[in-house]
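Here's the structure, in structure tokens; my notes come after.
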Amino acid sequence: MTGSTWSHVTGVLFDADDTLYDTRAAMHVAGAVAAGRLWPSADPDRVAAAGVRFRDDPEGWFAAYTRGELEFDEMRQRRIAEIGRWLEGGETVSPEAFFAIYEPAFHEALQGFDDVRPAVSALQAAGLAVGVLTNSSGDYTTTKLAAAGLDGVFDVICSRDTLGFGKPDARAFHEACRRIGTSPEATLYVGDELHTDPLGAAGAGMPAAWLVRDGHVAEEGRKAVAARGIPVVPGLDEVAKRLGLADAAG
Ligand SMILES: [Mg+2]
């Protein structure tokens, strides 16, 4: 499938984290700030890397949450406990204490990507339905969109907690399509996580684009998307361009 076969597309669904705003960068900053305050005697190198580790989630709690095995708050609690063990060998803090420091730092650091508003405006001007499908929670996503300066851009936000299942479960994609009023085969999905986003959407019978903003595409990923005709795009302006909306997105 190439860009030209997107001529039948009537809707576009976007992933949120690291697609609409730079979650990774903000987590790195906020995690280091919280770790420095809560574990003041921990190894400074580990404190500086705590946000990266929090994001990487080495014990896989976010994946378990995505599969519906635990709720959002418990998922976060497990991840904080893991950070505490890693920093000070067993010392842990309450989620309340962690997030009292982490959240303001995260929201302060969170930046929306510059190509979101122009691309979404171009899609909407062309009459395409637009929405967000995220594995994060609905309330948190609304908060993140506002912090990133993207409030009011999207009318429909579908999240793992409100749907009851998450990507790459085909039901999540199909329900999000239903909510924006399009069919899966006519709905383009755009996201940055290879297995969750483009491959998940393709598995749900949808056209997809793999967003790789930093341009680093592992060979395995390149082969996996090429086999399914999924293009790799460096930004959302490229998505609009491939939908034939180059001028409007420029
Ligand atoms: Mg993402």
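The values are calculated or read from the model by the stated rules, or taken from the named source; none is laboratory data. As the structure is a computational prediction, the values presented were derived from the model and not from experiment. Virtual Cβ from ideal backbone geometry, glycine too; neighbours counted across all protein chains shown. Note: accessible area is taken over every heavy atom of the protein model, side chains too, but ligands, DNA and RNA are not part of it. Shrake-Rupley method; radii C 1.70, N 1.55, O 1.52, S 1.80 Å.
State which residue is least open to solvent (accessible area, probe 1.4 Å) when the search covers only segment 79-132 and only residues that are of a type in the set (S, T, Y) and without any contact (Cβ under 8 Å) to a residue 40 or more places away in the chain. The qualifying residue least open to solvent (accessible area, probe 1.4 Å) is S94. Out of A240, A226, A209, A202, one residue alone is part of a strand (DSSP E or B) and either aliphatic (A, V, I, L, M) or buried (at least 22 other Cβ atoms within 10 Å of the Cβ) (or both). It is A209.
Only residues that are within 16 Å of the ligand (Cβ to nearest atom) and closer than 20 Å to L236 by Cα were counted in segment 148-166, giving 5. Taken over segment 54-74, residues that are modelled with pLDDT under 95 and either β-branched (V, I, T) or crowded, with 17+ Cβ neighbours inside 10 Å (or both) amount to 6. Just one residue in the set V33, V12 is over 19 Å from D57 (Cα atoms), surrounded by 17 or more Cβ atoms within 10 Å (Cβ to Cβ) and either more than 16 Å from the ligand (Cβ to nearest atom) or not assigned by TED's automatic domain parsing to the domain that holds V93 (or both); that residue is V12. Only one entry of G84, G89 meets the criterion of being at positive phi and not assigned by TED's automatic domain parsing to the domain that holds A148, and that entry is G89. In contact (Cβ under 8 Å) with a residue 12 or more places away in the chain and closer than 14 Å to D15 by Cα, is that true of S159? Yes.
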